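Each remark here refers to the structure printed beneath this line.
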Amino acid sequence: DVKVTQSSRYLVKRTGEKVFLECVQDMDHENMFWYRQDPGLGLRLIYFSYDVKMKEKGDIPEGYSVSREKKERFSLILESASTNQTSMYLCASSSGQAPYEQYFGPGTRLTVT
Amino acid sequence: QKEVEQDPGPLSVPEGAIVSLNCTYSNSAFQYFMWYRQYSRKGPELLMYTYSSGNKEDGRFTAQVDKSSKYISLFIRDSQPSDSATYLCAMTESTGANSKLTFGKGITLSVRP
């Protein structure tokens, strides 16, 4: 079974702090994704990576950056956390082959105070 | 018009009911259609996928795609309290390794014992 793990289930940070969210997958998947999920807004793609050191902006990249130094690890960075970044953050991975399904981690509930 | 529209819900049904969950979409290039189930405070998990038009059955679950109407459905027979979750539809074009999924916002289903 594909396993996607995220470094923290719950995180509380203060406004202005730099925040790192880590994601690791164990299936040698090419593609990795970061989403945030908010009530009424659904899943929104922040960034994705289709290869090591390759990244592309998603729909809402502002205030975020990412790093993928190794194939299995994809990090989301909040350079200066703000209260409007309080959300559930979900990491996913995909093989990049049909049917292009994505496998999700358990999520990190981030609260910025 | 959003690319994928999903009834916002929530939906509450008695145990044993047949449940119909639906999504409409506007992009005729979508080829792969998926349903994800997300339990509270967990990441989404893939329930089933369908390629192009047609039906697919897996136990009590049936996925149906009508590409001519740009309409997909998930039917749950003999619904159980354990089916209580948020259901998200997702779809993608078959454009290769960088394929992303477009998600509906999800509908929360509650099955009453």
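The values are calculated or read from the model by the stated rules, or taken from the named source; none is laboratory data. In this text, all values refer to a predicted model and were calculated from it rather than measured experimentally. Ideal geometry is used to build each Cβ from the backbone, glycine not excepted, and the neighbour counts take in all protein chains shown. For accessibility, only protein heavy atoms count, side chains too; no ligands or nucleic acids. Shrake-Rupley method; radii C 1.70, N 1.55, O 1.52, S 1.80 Å.
Structural remarks
- Looking across the range B:1-31 at every residue that is more than 23 Å from B:VAL111 (Cα to Cα) and among the β-branched types (Val, Ile, Thr), the one that is nearest to the other protein chains (Cβ to nearest Cβ) is identified as B:VAL4.
- Which listed residue, of B:SER73, B:SER69, is surrounded by fewer than 19 Cβ atoms within 10 Å (Cβ to Cβ) and either over 14 Å from the mean Cα position of the chain (by Cα) or not in a strand (DSSP E or B) (or both): B:SER69
- Against the test of being in a strand (DSSP E or B), surrounded by fewer than 20 Cβ atoms within 10 Å (Cβ to Cβ) and within 12 Å of another protein chain (Cβ to nearest Cβ), the options B:MET48, B:MET34 yield a single qualifying residue, B:MET48.
- Residues in the range A:50-72 that are outside any loop (DSSP other than H, G, I, E, B) and at the interface with another protein chain (Cβ under 10 Å from one of its Cβ atoms) were compared, and the one that is surrounded by the most Cβ atoms within 10 Å (Cβ to Cβ) is A:TYR50.
- Exactly one residue out of A:MET32, A:MET27 is under 17 Å from B:GLU45 (Cα atoms) and open to solvent by less than 20 Å² (accessible area, probe 1.4 Å): that is A:MET32.
- Only one of the listed residues (A:LEU45, A:LEU78) is surrounded by 14 or more Cβ atoms within 10 Å (Cβ to Cβ) and within 14 Å of chain B (Cβ to nearest Cβ). That residue is A:LEU45.
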